[in-house]
Amino acid sequence: MKVLIADDEFNVRDVIRYIGKWDEHGITELLEAANGNEAKKVIEKEQPEIIFTDIKMPGMSGLDLIEWLDSIAYEGKVILITGYDDYQFMRKAIQHNSFDYLLKPVEDEAFNNVLKKAVTAYEEESKARLYQEDAVKVRWSQTMLAACLGEPADLDFIASNLPPSEKYDFTLLTFYQMHQPAPFIEKLADELVEQEIGNAVMLLGDSNQSVLITLPEEWFFVEELLSRELDIPVRLVKGELQSLHEIHEKYNDLQSELENQNYRSIQRLDELEAKQRMNDIISYVETYYMEDMSLERLANRFFFSREHISRKFKQETGLTLSKYITKLRIDQAKRWLKESDESIFSISTMLGYQDEKYFSKLFKKEVGITPFEYRNGEKS
């Protein structure tokens with residue numbers, strides 16, 4: 001935590017430096033200014049949390065300084081130091097949200113009591129602000145998810161979190177499942193809000209999707225920001241939002257675009273990333289091989305084209321996807337036939353084959369004997 005001491009008298013600043021129990025109260029840096037103008041520059045650059053300022057200084061006075069701080073919604077604590085116990089001064093200080101005041105000559109105990117109170121008040125208010133900001137972010141995410149899904153949503157609240165505009169760019173970002181995009185999206189949202197060009201949100205319930213709503217004329221800047229800051233692969237589809245009432249319809253349109261693979265990628269994969277992704281695909285197939293598995297399902301989940309997966313899968317395993325799944329299923333069938341009393345029909349169903357005759361025919365083709373013969377230990 002930083003403290004600024006602003007006083008045109010060097011000896012006053014020196015005394016305050018000496019008597020302050022800085023370490024005890026978590027003060028890590030002391031800053032100084034010899035007048036109000038200098039203090040203003042220090043505040044703009046260093047953003048101290050606590051300010052001790054004299055009232056009468058050449059140029060910009062302490063009262064002028066706190067009036068300026070009030071105008072910029074300064075969230076720190078300002079303590080006035082004065083040799084004048086004058087109600088008119090105090091009244092103006094109170095009007096501009098000063099925290100407290102000290103009379104010169106500054107006494108050790110009084111100073112540290114005020115310092116302690118200021119630190120405690122600042123920390124408590126900071127926690128409250130963070131809690132409030134987090135609550136707003138959660139509500140923003142919940143409301144946007146509801147709007148996207150066509151559920152009742154407070155569109156006025158959504159509008160209050162966006163710059164005013166008659167229309168917007170509506171962009172859906174989908175991230176590769178193994179990455180954690182939330183920190184990036186939070187940073188992106190802060191940047192868009194600060195620049196007053198839009199907002200972004202991770203959709204609760206789907207850790208891999210995010211929505212951007214931005215001003216149409218600012219898309220070049222938005223894409224530049226994405227390209228510069230994004231360090232994980234992403235698929236992007238974008239449309240135009242004529243009204244916030246269209247969010248659900250536009251979200252469904254963009255989902256269809258993704259499913260039809262009509263998307264753009266923001267970032268190329270390096271060789272190591274691509275290799276890891278293929279390993280993830282193989283592991284996924286080995287986990288879910290009894291379910292309905294297809295190149296399209298893998299393409300949608302792992303951000304590769306069907307053709308790329310087909311080619312690379314065979315390079316890595318020596319088999320096509322369908323043959324690899326068949327091998328996994330037949331190997332599992334062998335185990336169940338030897339180690340369980342499950343019927344052949346039950347085994348074929350569990351493996352994803354609804355037709356027992358088709359399963360038996362496939363088993364014989366791969367193993368050389370029927371499932372019944374294999375269970376009874378007959379040789380091919």
Linear extension gain, L155 paired with L30, 0.36 nm per residue minus alpha-carbon span: 40.4 nm
I247, I72, reordered so the largest accessible area comes first (probe 1.4 Å): I72, I247
Beta bridges by DSSP in the chain, antiparallel share as percent, to the nearest 5: 55
Label-point separation, Q354 to N262 (7 Å along Cα→Cβ), nm: 3.1
FRET E, pair K104, S126, Förster distance 35 Å, beta-carbon r, rounded to 0.05: 0.70
Segment Q195-Y18, extension gain: residue separation times 0.36 nm, minus the distance between their alpha carbons: 59.5 nm
Only Lys, Arg (+1) and Asp, Glu (-1) charged, at Cβ; the chain dipole about Cα centre in debye: 2520
Solvent-accessible area, 1.4 Å probe, carbon plus sulfur percent, for region 235-380: 45
Computed lengthening from E366 to D341, 0.36 nm per intervening residue step minus Cα-Cα distance: 6.8 nm
Over the chain: Rg over Rh, Cα atoms, Kirkwood Rh: 1.23
Mean projected area (nm²) of the alpha-carbon convex hull when region 298-365 is viewed from all directions: 5.5
Exceeding the 29 Å Cα-Cα cut-off - candidates K187/K312; K127/K167; K238/K323; K41/K77; K137/K167; K250/K314: K187/K312; K127/K167; K238/K323; K250/K314
Intensity falloff of region 115-183 expressed as log10 I(q)/I(0), Debye formula with alpha-carbon point scatterers, at q = 0.20 Å⁻¹: -0.99
Listed peptides 370-376, 180-186 by packing density, highest first (mean Cβ within 10 Å): 370-376, 180-186
Nearest-20 debye value, region 225-268 charge dipole, Cβ charges on Lys, Arg, Asp, Glu: 280
With DNA, RNA and ligands ignored, accessible area of V114 (1.4 Å probe; Å², nearest 10): 10
Spacing of the two label points (7 Å from each Cα toward its C-beta) at Q242 and D134, in nm: 4.2
For region 217-371: relative contact order, % (alpha-carbon pairs under 8 angstrom, 6 or more apart): 15
The chain, accessible area per residue, ligands and nucleic acids excluded (1.4 Å, Å²): 56
Listed residues I369, S61, Y131: farthest to the positive end of the dipole of the chain (Cβ charges): I369
Cubic angstrom per residue, convex hull over Cα atoms of region 1-76: 74
T287, T82, reordered so the largest accessible area comes first (probe 1.4 Å): T287, T82
Charge sum, other residues only, whose C-beta stays under 14 Å from T120's C-beta, Lys/Arg counted +1 and Asp/Glu -1: -1
Relative contact order (%) - criterion: Cα under 8 Å, at least six apart; region: region 309-380: 20
Amide H contacts under 5 Å for L102, placed H, 5+ residues apart: L80, I81, T82
Heavy atoms of T120 accessible to a 1.4 Å probe, total area in Å² rounded to 10: 60
Given charges at Cβ of Lys, Arg, Asp, Glu: region 122-209 dipole, positive-most of S165, G198, F175: F175
The chain: relative contact order as a whole-number percent, Cα under 8 Å and 6+ apart: 9
Cα-centred dipole magnitude for region 235-380, charges only on beta-carbon of K, R (+1) and D, E (-1), debye, nearest 20: 680
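The values are calculated or read from the model by the stated rules, or taken from the named source; none is laboratory data. The structure displayed is predicted, hence computed values, not measured ones. We place every Cβ from the backbone using ideal geometry, glycine too, and count neighbours over all the protein chains shown. We work out accessible area using only protein heavy atoms, side chains counted, and drop any ligands, DNA or RNA first. Shrake-Rupley method; radii C 1.70, N 1.55, O 1.52, S 1.80 Å.
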